[in-house]
Amino acid sequence: MSLKQSIESEIKKAMLAKDKDRLRALRSIKSLIMLEETKGGEKGLTEEDELKLLTKAAKQRKDSVEIYQQQNREDLATTELSELEIINEFLPKQLSEEELEAELKSIIAEVGAEGPKDMGKVMGAATKKLAGKADGKMISQKVKGLLI
């Protein structure tokens, strides 16, 4: 089942349960999908495109939560956190630090990276392989640490 179909079925469930917060978050995800589909033309979205959309939406929510907490707006931060939890339901499970480090070590071995000058090669391969499974900042920090 595509992401759009699963979102639509979750929207129906949220409507029946009268869960306004969940419904709002699901509708925002559906809106993102529909906007992206209209940009792309007839072929629709690939699974990779859907993953990028969700990852971007999750990152936006995280950034908003940080800003709201800095400004002591806990009411808005709570709303964003609840939406983030719902978005995370549709994202693949995030790798732990140990799992991420193991994956990066294997990527470094595959690429044949020897030092910091090879960071670009490692990051290119890592972001493709680990898309949606780990945050880009975390990948970058781990790669820097491993290549030094």
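What the table shows:
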item: Matching residues, region 43-72, being surrounded by fewer than 14 Cβ atoms within 10 Å (Cβ to Cβ) and over 18 Å from A25 (Cα atoms); result: K43, G44, T46, E47, E48, E66, I67, Q70, Q71, N72
item: Selected residue (only one of S64, S106 is assigned to a helix (DSSP H, G or I) and assigned by TED's automatic domain parsing to the domain that holds E8); result: S64
item: Among the candidates K93, K59, K39, K52, residue that is outside any helix (DSSP H, G or I) and charged (D, E, K, R); result: K93
item: Selection status of I86, in a helix (DSSP H, G or I), among the β-branched types (V, I, T), in contact with a helix residue (DSSP H, G or I) (Cβ under 8 Å, 6 or more places away or on another chain) and within 25 Å of K137 (Cα to Cα); result: yes
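The values are calculated or read from the model by the stated rules, or taken from the named source; none is laboratory data. A quick note: this is a predicted structure, and the numbers were derived from the prediction, not measured. Note: ideal-geometry Cβ built from the backbone for every residue, glycine included; neighbour counts use all protein chains shown.
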